[in-house]
Structure formats: structure tokens, C-alpha cells
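K.L.:
Can you keep this structure in mind? I'll have questions shortly.
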Amino acid sequence: MRQRTPKGRPISGILLLDKPLGISSNAALQQVKRLFHAQKAGHTGSLDNLATGLLPICLGEATKISSYLLDADKHYRALCKLGETTTTADAEGEILQIRSVENVSLQQIQALVPQFSGEIQQIPPMYSALKRNGQPLYKLAREGKTVEREARTLTIYSLDILNFTAPWLEIEVRCSKGTYIRTLAEDIGEALGCGAHIQQLRRLGVGSFADMMDLPSLQALAETGLEALDALLLPLEAGLPIHWTDLYLHAAVVEWILQGQAVQIPHAPPEGMVKLFDMQKHFIGIGTVQEDGRIAPKRLMPVNNHFC
């Protein structure tokens, strides 16, 4: 059987996209892939159609490290409407119930902050991409079905009340992976006795990333040539946790690593994961510290992988 030749360029790197309102994360991904003429691309955690903000796009070899961005902490700003609950917990859903917010005060809301801070339990919404028996929950929800979901433990590092003018409540949240801001808004609304849903949601940060480029700016740059777009790409290692140690390897050690062998490296940390580079500062891949102190390759990348 004849193998298909991949279309596009074997370009690799991470683009920090400001996803626009009203389109899916996948639709935004496809637009970026076309602009860069990239062979391969993936995103790192969906944003709802209603949401805007930071959506890291991994091109080429960067897709191999996308899971680390999925696991990164997130930073959001949300506008909640108190007094109304909806089927989807956001403004795209149908209104289920309307309750008065007449007696809700800023003091009451502030008093709830400790309850929704730190390690908390959260039940994922039915309108989510989580799967049950291979079927996304949102598909079941659209069929009018509801299934039991287990509560998950997550961490709210900070919950700041930015503004409250009834029925509008604006909050800023820094949280661990897997946090549903829609559910957080719903739960706050229920604790206040009036219900709530998300009216606007913007993701401000993923891990250490905060800067981002919007689609119109990318499209304008694309008209000047691919070189201008390529200059926006971050190297693959930028998507890895910043607390991992960088290790620089001599050519012979690189060869052993590329052959899958564990090696002894001076000044390596006693445990955990490390980022591996050659002496020219080309990213080689990810290593893990074994019990005997040697570094074993965990995920390897082609040398000179950024714009291969």
C-alpha cells in the first residue's frame, strides 16, 4: 500500500494563541495549522466556544510534550451572572431557573471565598469532553441524558472578587488542571442561594505563559511571509515545567542517550525529571532520574527540532 506524503512543513514549536470568541478550540487550531502550513498540530486543553484567551498550540514535535501543558496550572477571569442557572452553566445554555439576587451582598460573596479556596471537591459538568464508555458527556447531555459523575479533587490557589454589581459578579481564579470555572460559578451561586452561570470567560495564563497573539495579527503576519510567523514560535522545552533541571551533554553522552541508554551525569538532581540538551543548547528530550542516580531517556526529540 502506497504511503501518503504528509502535507505541509515539518515545522515545530509552540504558539501562544489568543482564541477568539465564538469558535471552537479545534477550529482555531485548524486556522493556525493552515497559516503555518504545518504538517502536524495539536492544542493543549480546550476552551469553550464562549471562552477566549490563551490556547497554546503545539506544532510538529511539540505535540509530544503537549501533555505537560495540559497538566499546567491555569489563570482565568470570569463574569458571572447571579440569579440564573442554565443547562450548560454558561450563557450558551437554556435558562433552567431564575431566582432573586436582591438580598445578595458583597460581604456574603467575600465570606464564601475560603470555602472555594485551597483543595476542594468539584463534580464535572455534563456539558464537558469527559468520556463515559467512550462517549463524551456533552453528547449524552444533548440527548437529555444525565449520568453520575465522581467528584474530583482540585486546587484553587486564589479566588479574587474583582467587582460585584448585582447581578454581575467578576472573579479572577488561579487553579490546578481540571478545574471547571463554569462549575465553580454554579457552586458559588448555589452557596448564595440564587444560582449563577458564566457570561464571559477568558483564560489569562497557562503555566508560566501569559503573552498571546490573536488570529487577525497572525493573518496579517502571514501575508508578509512564513518567516515572520516562525519567529513567534517558542522552543519545545518552553512547554515543560520551569522547575525541571537543564542538563547539557557532551556528544558521546548524547549518542548513548539517543540509543536509549541510561547515563551518569555530573550535577544531576537526585530525583525527578530533567531537560536534556547538547552542548550547542539543542533540546534532546526529557530524562528521568533513576534510583541509582543515572539519567534514563523518557521522551527524545530530533536534534535541531525547533524549525526542522
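Values in this text are rule-based calculations from the coordinates and carry no lab data. Predicted, not measured: the structure shown is a model, and the values here were computed from it. Note that each Cβ is placed from the backbone with ideal geometry, even for glycine, and that neighbours are counted across all protein chains shown.
K.L.:
For ALA129 and HIS243, calculate 0.36 nm times their separation in residues minus their Cα-Cα distance, and state this gained length in nm to one decimal.
P.N.:
38.0 nm
K.L.:
Now, a different point. List the aspartates and glutamates whose Cα sits under 16 Å from the Cα of LYS40, skipping any in the same chain fewer than 8 residues away.
P.N.:
Cross-link targets: GLU61, ASP230.
K.L.:
Taking the Cα-to-Cβ direction at THR288 and at GLU255 and moving 7 Å from each Cα, how far apart do the two end points lie in nm?
P.N.:
2.7 nm
K.L.:
Quick check: residue separation of GLU150 and GLN280 times 0.36 nm, minus the Cα distance between them. What number comes out in nm?
P.N.:
Length gained, GLU150 through GLN280: 42.0 nm.
K.L.:
Shifting gears a bit: Which whole-number percentage describes the relative contact order of the chain, with Cα contacts under 8 Å and a sequence gap of 6 or more?
P.N.:
21 percent
K.L.:
Oh, and also: Bin all alpha-carbon pair distances of the range 75-127 at 5 Å intervals from 0 and give each bin's fraction as a whole percent.
P.N.:
4, 14, 17, 25, 25, 14, 1
K.L.:
Find the eigenvalues of the gyration tensor of the Cα atoms of the range 74-206, then list the square roots of 5 times those eigenvalues as equivalent ellipsoid semi-axes, largest first, in whole angstrom.
P.N.:
Sorted largest first and rounded, they come to 24, 18, 13 Å.
K.L.:
Name the residue from ILE181, ALA111, SER100 whose Cα lies farthest towards the positive end of the charge dipole of the range 74-206, charges +1 on Cβ of Lys and Arg and -1 on Cβ of Asp and Glu.
P.N.:
The residue sitting most towards the positive pole is ILE181.
K.L.:
When a/c is below 1.5 the answer is rounded, else prolate if a/b is larger than b/c, else oblate, so apply that to the chain with a ≥ b ≥ c taken from the square roots of the Cα gyration tensor eigenvalues.
P.N.:
prolate
K.L.:
I've got another one for you. Using a simple charge model, +1 on the beta-carbon of Lys and Arg, -1 on the beta-carbon of Asp and Glu, nothing else, what dipole does the chain show about its Cα centre, in debye to the nearest 20?
P.N.:
1120 debye
K.L.:
Here are some pairs, LYS81/LYS177; LYS7/LYS131; LYS7/LYS64; which of them have Cα atoms lying more than 21 Å apart in this structure?
P.N.:
Going by Cα-Cα distance, LYS81/LYS177; LYS7/LYS131 fall outside the 21 Å limit.
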